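The values are calculated or read from the model by the stated rules, or taken from the named source; none is laboratory data. Only a predicted model underlies this, so the values are computations on that prediction, with no experimental measurement involved. Here Cβ is always computed from backbone atoms with ideal geometry, including for glycine, and neighbour counts include all displayed protein chains. Surface accessibility is based on the protein's heavy atoms, side chains included, excluding ligands, DNA and RNA. Shrake-Rupley method; radii C 1.70, N 1.55, O 1.52, S 1.80 Å.
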Amino acid sequence: MKFREYGAGNADSIVLLHGGGLSWWNYRRAAELLQDEYHVVLPVLDGHAGSGRPFTSIAANAADIIAFIDEHLGGSVLLLGGLSLGGQIALEILSMRSGICSCAVVESACAIPSPLTRALIAPVFGLSFGLTRNRRFAQMQAASLHIPQELFEDYYRDTCLIQKADMIAFLKESTVYSPRGALRSCSADVHVVVGEKESKKMLQSAAALHAMLPAGTMTVMPGLHHGELSISNAARYADMLKRIAAAGLQHNPSRLHQKTCFT
């Protein structure tokens, strides 16, 4: 796993986990808007372009990020965020280490397993994977994912670099992910975010997560599709993180005196 960083000299850290098939640039603009106040760390998840390792499981990614936080960030961060697959990994981290962050933002994370979808992934991608390297097809895919034009070259380049086995592996994992019961003991202030125009299953997932985390909040973003908040509305997303992070500092004033260091 590789890591990008912004604002490394700042005391409080934010870790953001990108969506499946994307990469650290999912959060690049938001990180640029946050870097004057926060140390923003953007991991490249296993199996994605530049990660250096194949994808094995959501749990393995979560364990590696916890190890990184322990080694480089003093064992905890101010805020943990994630989109889709990254949101599922964030949930897994919170299940493994409830006090690893003061607050969390989980965007568009599916929490309802679909074994049938999992069974169809390998045969469907066996027939269509070659299309992912076709520029016109990639443009249609990017449009369906509401990826801004300024991110298309990053998206196309990295999609072409993802291996077929890795794409099948993380899609399979994502479709059958179910949060652990330990998530109910999470001490972080967790904000579950979902777009109003997402699928019924995604809306149900957000509600299920909120039920597991009654002390947190659930926000349905009007007019937005899957992942559209952080991908296409970076300024709005960064403002949300700033508000949540500021509240996290108020509820945990000891963090004001902590210093993180990325090496």
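Does T159 satisfy the condition of being assigned to a helix (DSSP H, G or I), under 30 Å from M240 (Cβ atoms), out of contact with any Lys or Arg (no Cβ under 6 Å at 6 or more places or on another chain) and β-branched (V, I, T)?
yes
Quick one: in segment 82-117, of everything that is without any contact (Cβ under 8 Å) to a residue 60 or more places away in the chain and open to solvent by 20 Å² or more (accessible area, probe 1.4 Å), which residue is farthest from A62 (Cα to Cα)?
That would be L116.
Collect the residues in segment 53-72 that are aliphatic (A, V, I, L, M) and open to solvent by 40 Å² or more (accessible area, probe 1.4 Å), keeping them in residue-number order.
A63, A67
In this structure, does G50 turn out to be open to solvent by 10 Å² or more (accessible area, probe 1.4 Å), closer than 18 Å to S187 by Cβ, modelled with pLDDT under 95 and not charged (D, E, K, R)?
The answer is no for G50.
So M140 clears everything in (1) part of a strand (DSSP E or B); (2) open to solvent by 60 Å² or more (accessible area, probe 1.4 Å); (3) not acidic (D, E) except one condition, right? Which one?
(1)
Checking the condition under 12 Å from V105 (Cα atoms), open to solvent by 30 Å² or more (accessible area, probe 1.4 Å) and of a type in the set (K, R), which residue from K201, K242, K197 passes?
One residue alone meets the criteria, K242.
In this structure, is L151 surrounded by 21 or more Cβ atoms within 10 Å (Cβ to Cβ) and under 26 Å from I14 (Cβ atoms)?
no
Output the residues belonging to segment 214-225 that are of a type in the set (A, V, I, L, M, F, W, C) and more than 18 Å from the chain's Cα centre (by Cα).
A215
How about segment 88-136: which of its residues are in a loop (DSSP other than H, G, I, E, B), under 25 Å from L229 (Cα atoms) and among the hydroxyl-bearing types (S, T, Y)?
S108, S114
Just one of the numbered conditions (1) over 15 Å from F3 (Cα atoms); (2) open to solvent by 10 Å² or more (accessible area, probe 1.4 Å); (3) out of contact with any strand residue (DSSP E or B) (no Cβ under 7 Å at 6 or more places or on another chain) is not true of E32; which one?
Condition not satisfied by E32: (3).
Would you point out which residue out of Q88, Q35 is at pLDDT 95 or above and over 16 Å from the mean Cα position of the chain (by Cα)?
Q35
If you take the residues in segment 3-21 that are in contact with a Gly (Cβ under 8 Å, 6 or more places away or on another chain) and part of a strand (DSSP E or B), which one is surrounded by the most Cβ atoms within 10 Å (Cβ to Cβ)?
Among those that are in contact with a Gly (Cβ under 8 Å, 6 or more places away or on another chain) and part of a strand (DSSP E or B), it is I14.
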